[in-house]
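Chemist: Here it is: the structure, laid out below.
Taken together, the values in this text are just the output of simple stated rules run on the coordinates, not laboratory data. Small disclaimer: the values here were computed from a predicted structure and weren't measured. Here Cβ is always computed from backbone atoms with ideal geometry, including for glycine, and neighbour counts include all displayed protein chains.
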Amino acid sequence: MAAAPRKNGLLEEEEEVVRSSAPPAGSALLPPLYLPFLPPHFYQPASSHEHKLNFKKSKQACLSYIQDAMLQKQWKRAAEFLTFYVESLEKDYSKEHVGPSEMIWRIGTEILCHHSHSSIKEFNSFMEQMKTLGVKRYLKVCLEHVFHLLCNGLIDEAYQNLSLAESWRFGEQTVIQDKEIKLIQAYRGLLDYCKWSKQKNMLLEHGQDGFEDLSVEQEMHSCFRKAAVNLKEIIKIPGVWDQFVKCYVDLLEFYGDHNEARQVLQEYAYNPKFPANPNAHVYLYQFLKRQGESKKSLISALKNLHDTVPSHELMIDFHLMLQKSKKRKKRRLGLEVIFAVLDYAGWKENVKAWSCLAKQLKQIVISEKHLDWLKQEWSSRKDWWPAFHFSRYLGKKNWQENQSLSYEKALVAGILLGKDGKYFKYVSHQGCKARMKRFRILKKFVHKHNPVYMRISGLSESSGQP
Amino acid sequence: MDEEATRDFNERCAQCSEVNWGLTDGGRFYCRSCHNVTERTREVVNTDFITNTRVQTISKGSRKQEKTDGGCEWYVCEGFQLVLKKQAEALEALGVCPQMKDEVLWNFWRCYLQRSKQAYCIRPAGETVKALSVCDSSTDVDSDPERPSLLHVLSLSESEGDLQTDNSFASSTSKVSECTSLCSGSVDGSLYLKKNQKEKLRMTMPMTLSFCYMALLWLREPVTLSDLLRFVVEGHIPYLNVFQHFPEKMKLCGVDLKIFCVESWPAYEEVYNKMLELAVFLELPRFPDITDSCFLHPDMLCMKYLMEANLPDELHNWTCRVVKKIGIGDVDFLTLVPGNKSTAKVKYDILAAAVIVVVLKLLFLLDDKYEWLLSDFAEERNKNNKEGDPYFEFQKWYKVIKCSLDAKQKKLDEERAKYLWRCEKPLFYSAKMKSKVLKRRQMVVNLQNQFGKLAGSVRPAEKPNPSSFQLSWSEENTDGSCFHGHSLKGILQEKCGLLKPMNPDYWLCTVKLCTERSCGHLAHYSREEDFPQSYHFVLRLFSFLLRIQPSYIHDEVCVIEQKLFNKKFYKKAKIQHRSSWLMFSLQ
């Protein structure tokens, strides 16, 4: 409003300036100069208003003090500033996306979780207040509350809260918070499962004593039904539901419904709508193993796991399984798997993994078959494995800490890098010095098969000689 | 006219020596030139006066006592009057002379009501509130001298709560409330915001402070605008939530909230500009002279700020010379003449701070090199010579001030974040909102208690004692952190019997001033700009002391520099940022 007349005034003035500065004789010939309109803020003098402290700015500053304090785990200081921040609730005409009430809920929860002087009672009363503060996230607050109770071992209270939340009705809000209600039901199902599991164990224990309690058994079955209904619902929705799936499968297996269990697990692992989840394949594999399924199906489950997590601990099992196979293709895959495992730092000092690799390499070298496999695997690693695995330093270290590890590694190093490799040289030297028989054999073996190294490294035999 | 009534009263006004008396509604004489009210009252009841309709008098009128909600009828101007009263009382408690409240501020306010045609006048035709009844009860006023008038309301205790207003308001009440659809607790709240206020200056909350400052300026009280605003923020002068003090029967709701609720601190510029507008609107005469014995004179204020900035007393000599050289100590320059566009509008506090900055630039150059060089010399000398006053060391001063300033700034920033804006008595827009608002309030209190417990004993920052000084340095401190007595000898040299600074150079903050019309500023300052760090630091110091943006001081520094160097600058005909100091000789 105020800018408009100012704008005109200025433009006129500028035009005047232009006119007067033009040469008087030619001025009639000159076309009039049209100035572009500047955005209004260029005309508005920046006033002190932008800098003056107001309610909003004061509260924003307060919020950033809280965040700083929380980052530094100064819970007392965070609580102090929060007492001043809560006032922002009273400004109810603000319609920001993350309003102060959500901030207060989140920050308050965090402080109450970490502050040394807070108690469960206090936490409960805070949560009750937060529930009344915003119906739009009523169920979220409920869930958060339940988690906190569970973390503190208050399972009965948590169950009660979940039941209450489940029966909450608030017009269309109930519909909008559909996902949250599913979660609440799922968690109730989970707690029902826990109850079931407890009763099951009790019964099994007493069953051995020849004692049976019908009512306990009945209750157990009712828990099963309650848990199964809710768990089944949640795992239909695409998502990561490891806990729910495990419990549900456990229930099904107990009651002998293996088909349903298999279906659930396969859906969980292979449905493309679900996010990629390595655990889904692990659960499926474990289930299949329990069921005594064929090697083929086990291998296919682990193949999927290998594709997503090549460093998974089940990869050793996978490799061994592949090694035993008669098919060349599978043994080829086995080599790939074990090489891939050792690409990861976590496996660097794993004797089992190294011995697997050493074993397969030895086979290849002795049979002199499939050296091309070895060459292929090695070509992408020869740049970095020597430094990553086979430095002199590591040789020394492995020798001192774990001789069997250094033995397996030295064998691998000898095959891949030849008899002059630093790692092999150091370890075999130490081994022979200590008069250990297997190291002497190792040395002999490597010296004998040194040409293999030339071949897989791409050095021809003639040019390889110094 | 009340000429007849005042004819016999020929004494000169104590304030301005004029003989131009008018009569207040309370029957006292007031000076029409300076609005000074005397203690003298008119003794004779003159019946002619009563029939005079120009001077509208006040009566209790027929105020309807009870509305449905138990509140009484009240007008927006009455609300502001109460605010002003509270503020004036607070200022009086701070030591401002009592005249300010009972005479000066009151007269300004009365004059405002009259000029804005809210009271003491005939309602002009065409007003929204048309009804006008000439006060038929005005006879009461004279026959009953004890009767409280608006003037007395200012000193009445609020428990009486029965405010006076123009009679014509009361009679027009029904009409007003009929034509308003917007809800408000006051009678004219909704009209107040709607009215086309072009020819009037609508009263706002920041304007209450403009009134206060104008009254202080009129009385030449030793309070600058930055002091006043700081007192407001520190809670010594009621401003935020001042409606708490309204009598129970004055209910605020609806648009009243927009008028009386404050969501931000008053800004220097806003209060200052409104004060100027107000002075013009009230057609005030020239304000009392600001002479060199006044607190607001730059020489005085410089002394105060030099002390507060912990700078050597000797610098005062130099600030005085700069002030004299460019004529900013002249009475005509300093005295406010409302409406006179040719005279400067002086912001006394900012001017004084800027003078000090200029002097520091003259003596120390503040180019991030020379001041440290001088400091090294002084340090060397102080080491070798322990006799007499120590030479002023810029570096030492910088360290002491920086340390103290950082700590204070941090505290201030935290206090700002911790400020509690709401009061116990929440306001609600309408009765519908009441339960919701009260519930919220309750929840806020609960949460405050809960987290307050976790935070230990935390209370909002306690009110600091009101003081003109924010930083204080005492010679009695033996830690050597007070520089008042330090000598400038190291940086001056004697030439022809005159002491001159050793510094031969000067740099200008700007070559050319902008026009306020084109960009709103005289000069441009930002923290990122390429000014020397020492300069930034000095501005930051004064910006902290005055609680204003550094850019205001920077602008003023530029103006002073222009005045100081203008002639030399253009004589040289070539633009250069550093003009020779030698060409600039002080008397």
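Chemist: How big is the dipole moment of the range B:309-442 about its Cα centre under a simple scheme where the beta carbon of each Lys and Arg is +1, that of each Asp and Glu is -1, and everything else is neutral? Debye, nearest 20, please.
Modeler: Values: 27 positive and 19 negative charges, 359 e Å.
Approximately 1720 debye in magnitude.
Chemist: Treating the beta-carbon of each Lys and Arg as +1 and of each Asp and Glu as -1, no other charges, what is the dipole magnitude of the range A:301-416 about its Cα centre, to the nearest 20 debye? If you can, show how the numbers build up before the last one.
Modeler: Details: 21 positive and 12 negative charges, 101 e Å.
About 480 debye.
Chemist: Quick one: Karplus J couplings for the range A:355-371, per residue in order, coefficients 6.51, -1.76, 1.60, θ = phi - 60°, nearest Hz, x for Gly and Pro?
Modeler: For the range A:355-371, the Karplus curve yields 5, 4, 5, 4, 4, 5, 5, 4, 4, 4, 5, 5, 6, 6, 9, 6, 5 Hz.
Chemist: Can I ask one more? Among the listed pairs A:Lys76/B:Lys453; A:Lys303/A:Lys329; A:Lys57/B:Lys194; B:Lys274/B:Lys341; A:Lys382/A:Lys433, give every one whose C-alpha distance is greater than 18 Å.
Modeler: On the way: A:Lys76/B:Lys453 9 Å; A:Lys303/A:Lys329 13 Å; A:Lys57/B:Lys194 29 Å; B:Lys274/B:Lys341 15 Å; A:Lys382/A:Lys433 29 Å.
In this structure, A:Lys57/B:Lys194; A:Lys382/A:Lys433 lie more than 18 Å apart at Cα.
Chemist: A follow-up question, please. With a ≥ b ≥ c taken as the square roots of the eigenvalues of the C-alpha gyration tensor of the range A:137-275, please select rounded if a/c is under 1.5 and otherwise prolate if a/b is larger than b/c or oblate if it is not?
Modeler: Values: a/c = 2.32, a/b = 1.30, b/c = 1.78.
It comes out oblate by the Cα gyration axes.
Chemist: In sequence order, what are the phi-derived ³J(HN,Hα) couplings for the range B:360-369 according to the Karplus relation 6.51 cos²θ - 1.76 cosθ + 1.60 with θ = phi - 60°, rounded to whole Hz, with x for glycine and proline?
Modeler: Rounded to whole hertz, the list is 4, 5, 5, 8, 10, 6, 6, 10, 6, 10.
Chemist: For B:Lys418, B:Lys563, what's the fewest-to-most ordering of other Cβ within 10 Å of each Cβ? Don't skip to the end; give the middle numbers.
Modeler: Numbers: B:Lys418 20, B:Lys563 15.
Ascending number of Cβ neighbours within 10 Å: B:Lys563, B:Lys418.
Chemist: Extending each Cα 7 Å along its Cβ direction at B:Leu257 and B:Glu89, get the distance between those two points in nm, one decimal.
Modeler: 2.7 nm
Chemist: Excluding residues fewer than 8 places away in the same chain, name every one of the lysines whose C-alpha is closer than 19 Å to that of A:Lys198.
Modeler: Reachable lysines: A:Lys226, A:Lys246.
Chemist: Further question: Taking H placed 1.01 Å from N in the peptide plane, check which residues at least 5 places from B:Lys500 or on another chain put their amide H under 5 Å from its amide H.
Modeler: Excluding prolines and chain starts, which carry no amide H, the hits are B:Gln493, B:Glu494, B:Lys495.
Chemist: Rank these for me by crowding, A:Arg435, B:Arg547, going from fewest to most other beta carbons within 10 Å.
Modeler: On the way: A:Arg435 8, B:Arg547 17.
Exposure proxy ranking, most exposed first: A:Arg435, B:Arg547.
Chemist: Further, regarding this structure: For peptide A:109-119, how many partner chain Cβ atoms fall within 10 Å of a residue's Cβ, on average? Let's see the in-between values first.
Modeler: Numbers: counts 0, 0, 4, 3, 0, 0, 4, 1, 4, 4, 0.
Counting Cβ atoms of other protein chains within 10 Å of each residue's Cβ and averaging gives 2.
Chemist: Another question about this same structure. List the residues, sorted by chain then number, that are 5 or more residues from B:Asn241 or on another chain and whose placed amide H is less than 5 Å from its amide H.
Modeler: Counting only residues 5 or more places away or on other chains, the set is B:Val262.
Chemist: Give the lysines reachable from B:Lys500 as a straight Cα distance under 16 Å; neighbours fewer than 8 places away on the same chain don't count.
Modeler: Qualifying lysines at Cα under 16 Å: B:Lys325, B:Lys361, B:Lys489.
Chemist: Taking a ≥ b ≥ c as the square roots of the eigenvalues of the Cα gyration tensor of the range B:283-356, is the shape rounded (a/c under 1.5), prolate (a/b larger than b/c) or oblate? Write out the running numbers ahead of the final one.
Modeler: Values: a/c = 2.49, a/b = 2.17, b/c = 1.15.
Note, shape of the range B:283-356 comes out prolate.
Chemist: Is there a quick way to get the dipole size of the range A:172-291? I mean about its Cα centre, with the Cβ of Lys and Arg at +1 and of Asp and Glu at -1; what is the value in debye to the nearest 20? Write out the running numbers ahead of the final one.
Modeler: Values: 15 positive and 17 negative charges, 98 e Å.
About 480 debye.
Chemist: Along the range B:499-511, what does the Karplus equation 6.51 cos²θ - 1.76 cosθ + 1.60 (θ = phi - 60°) give for ³J(HN,Hα), rounded to whole Hz, x for Gly and Pro?
Modeler: 7, 10, x, 6, 5, x, 10, 8, 10, 8, 6, 8, 7
Chemist: Now a separate question. Quick one: order B:Met250, B:Met203 by neighbouring beta-carbon count within 10 Å, fewest to most.
Modeler: Numbers: B:Met250 22, B:Met203 27.
By the 10 Å Cβ count, ascending: B:Met250, B:Met203.
Chemist: Taking amide H positions as placed in the peptide plane 1.01 Å from N, state which residues far from B:Ser487 in sequence (5 or more) or on other chains have amide H under 5 Å from it.
Modeler: Under 5 Å from the amide H of B:Ser487: B:Tyr391, B:Phe392.
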